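The values are calculated or read from the model by the stated rules, or taken from the named source; none is laboratory data. In this text the structure is predicted, and so the values were computed from the model without any measurement. Positions of Cβ are backbone-derived with ideal geometry, glycine not excepted, and every protein chain shown enters the neighbour counts.
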Amino acid sequence: MKKFTVVAAMAAAMMSSTAAMAAELEVTHWWTSGGESAAVAEFARLFNETGNTWVDSALAGSGTGANPVIISRILGGDPMGATQMNTGRDAEGLIQAGLIRDLTPLAEEEGWKDFYADPGLFDACTYDGKIYCVPVNIHSWHWLWLSTGAYEKIGQPVPKDWNEYVASWPALREAGVVPFGLAAGWALNGIPGVLLADVGGPDLYMKINKDHDAEAVRSPEFRKVAEAWAALRDVVDPAEVVPQFGDVANQLLAGEAAGNIHGDWIQGEFAVAGATPGVEYDCLPGLGLTDRIEGGGDAFYFPVLPEGTAQDVLDAQTTLAKLLVSKEAQVAFNLKKGSMPIRTDIDLSTANDCMKKAITILESPEGLLPSGETLNSSDTQQQLDDLNQEFFADKSYSVDDYIEEYAAIIESAD
Amino acid sequence: MTDIGRSGAVSRPVEADKPPGLLYNIFVRNITAKIAASPMVAIVLIVFIGCTLWSVWFSFTDSRSLPNGDFVGWAQYERLFSARRWKISATNLLTYGIFSLVFTMVVGFLLAVLMDQKLRFEDGFRTIFLYPFALSGIVTGLVWQWIMNPTLGLQSTIRGLGWTSFTFDWITNTDMVLYALLIAGTWHGTGFVMVLMLAGLRSIDGEIWKAARVDGIPTWRTYLQIVLPMMRGVIVTTLVIVGSGIVRTYDLVVALTNGGPGLSSEVPAKYVINYMFTAGNLGQALAASTVMLLAVFVILIPWMIIEFGPKKAH
């Protein structure tokens, strides 16, 4: 009997001690592609090292399919420990209903705003002056990806900016290399914004997207942008368009295509294929023309857990929130994801060349341009996408008509 | 009649001696049947007619992602009809619709006639031809997308076999993409038309065939001039089903081309969905859907007048 009591006491002590240290936390997200799941596995690994357990719930269907599932679980009283979620109106509804944990005390205690590269990243997370989510990375479309293999084929050095790249197109064509690898559909939609900010310059970008100045659209600076866009249209052969952006990544690595403008997540595909920047591929942020690029990020939310949840689970939430923005996790995650870290004070020896270039940009005081999605309403964005899709598919669409249509959309933009 | 009228009019003593009035006819006559039908009537009134009117009303507002905008008159329609994407969508649907209707009807009828020749393994053939219809538009679109994709499908396969100049790139060609859509659409819809037509053919009395044979009329003329006119009911039904399917064409386009290349295979239903959910512009989307509704009425009303209008005396 006495022996039993001792054993029971010991067992209880052990249980309580482990319980105080560790808890299981379910984390939902929609990072399911090769590079993405490798990236989120880094968060899981580091979280498990703290003694807690990361219960992974990957949801299919990306932002449009998974986001509603996440929201309905939180609304339905079955919240997960932490979740990736789109910032915006839906998240605001949950915050208003008091279902999302307020992270302001933690943010102040940890001094998040001091080490974030751009405090503007918190804008999408802030509601009534309080912080409700943790931005974990910065994604940007403003990258020109170049294939070193393709330039070896034509015996030219890899271009240092957009203009050199454009100049190399005829030689690439002659050598049977696709000058610009393109994926079908939405992959096109990000490119005009990149040309606007980088060929046209940040001032033009802000005049058009923020001030909605139609005269700026009719200016000679914008004509340069439209001509660059037309040049890109004319060099792409519709029959060479591939189905997915991952296919473009493979084309670049194989030297079959020379370049591509795409979001930094394509780097995740490069990483999965085991490629290194500077060896198999090269990257030029801001197309090598500007050092201000447009960006926005993915964010994690921590739902308010039901009454009676053990303290250790709540502590695990806090641990995870701290971990997501820690130096170590930021490097490990973003290297696999291909995105930029949210802080610049990380250990550069582990970062690859592209991340180092990104950090240089982030360190400059005005490095990040606000993204077009936050400046324009989605209605305006859709009209611009429609125009750009039509212009790109129809090689007889003149630059003049394009500028006029563009100006008309900007005039009525909100 | 008067007895029932009296008993029903107890509560209205003033009108007790008059013949049953309008209100009586509407509310009291056949009261059980009316009660039984009332849920259906309520659903039709609220869900179909009510929601349609709601949609039409909000197409006159400047509602964005939520239906709370102010009345703006015809502004959404002005924008709709000046939008290039809408014009392209409407033209595409018209071209696709006419070709699709003609192809599925003609091919479906011919297949039904072939089936009607007392074939061996008819059941097997019927299943094979009907099978595509069992697939959803999304699956059909995806399968044909893989087949017609120049870098993955038929073109690269045949080039791989040695015919290096073979080109089949309709799906990436702005001028031909509608016909690529047509191939998939016809493949999907023909079997269904065939089955309906076959049922129509089988309902023709055998005596008519015997009479035609006795008169020495060739088989093709019997089909064209005797059987076909007798199948009017089946043909009209098929036309309405296929026609309404064409107006709401959406899933096939999304899976096959997603409107591309560029906007060259956009359809009106996709415009509605895009502006409602992606662009968050409810007013614009509802204006587009109202125009689609009017287009359906333009087709349906003459047909309804012909079918259900005052019958000619026999």
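Residue count for segment A:215-234, restricted to those that are buried (at least 17 other Cβ atoms within 10 Å of the Cβ) and in contact with a Phe, Trp or Tyr (Cβ under 9 Å, 6 or more places away or on another chain): 9. Residue-level check: of (1) in contact with an Asp or Glu (Cβ under 8 Å, 6 or more places away or on another chain); (2) under 30 Å from B:SER244 (Cβ atoms); (3) hydroxyl-bearing (Ser, Thr, Tyr), B:THR151 misses just (2).
In summary, A:GLY120 fulfils each of the numbered conditions (1) in a helix (DSSP H, G or I); (2) at pLDDT 90 or above with the single exception of condition (2).
Note on segment A:187-260: enclosed helices (runs of 4 or more DSSP H) holding 3 or more residues that are over 25 Å from A:GLY149 (Cα atoms) are A:191-198, A:202-209, A:214-217, A:220-235. For segment B:159-170, a residue qualifies if it is away from chain A (no Cβ under 11 Å) and either touching a Lys or Arg at 6+ places or on another chain (Cβ under 9 Å) or within 19 Å of B:TRP187 (Cβ to Cβ) (or both), and the qualifying residues are B:SER165, B:PHE166.
Scanning segment A:304-363 for residues that are acidic (Asp, Glu) and closer than 27 Å to A:ALA273 by Cβ turns up A:GLU328, A:ASP347, A:ASP353.
Elements of the type helices (runs of 4 or more DSSP H) sitting completely within segment B:36-115 and holding at least 1 residues that are in contact with a Leu (Cβ under 7 Å, 6 or more places away or on another chain) and either farther than 16 Å from B:SER289 by Cβ or modelled with pLDDT under 90 (or both): these cover B:84-115. Answer yes or no as to whether B:ARG159 is within 23 Å of A:ASP237 (Cβ to Cβ) and assigned by TED's automatic domain parsing to the domain that holds B:MET231. Yes, satisfied. The residues listed here are B:ILE158, B:ILE138, B:ILE204, B:ILE171; of these, the one that is among the aliphatic types (A, V, I, L, M) and out of contact with any helix residue (DSSP H, G or I) (no Cβ under 6 Å at 6 or more places or on another chain) is B:ILE158. All told, B:THR104 meets the bar of being more than 14 Å from chain A (Cβ to nearest Cβ) and among the β-branched types (Val, Ile, Thr). The criterion of at least 1 residues that are more than 30 Å from A:ASP345 (Cβ to Cβ) and more than 8 Å from chain B (Cβ to nearest Cβ) is met, among helices (runs of 4 or more DSSP H) falling completely within segment A:360-414, by A:378-393, A:399-411.
Residues checked against (1) more than 14 Å from chain B (Cβ to nearest Cβ); (2) surrounded by fewer than 18 Cβ atoms within 10 Å (Cβ to Cβ):
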residue: A:ASP203; (1), (2): yes, yes
residue: A:MET206; (1), (2): yes, yes
residue: A:ASN250; (1), (2): no, yes
residue: A:GLY259; (1), (2): yes, no
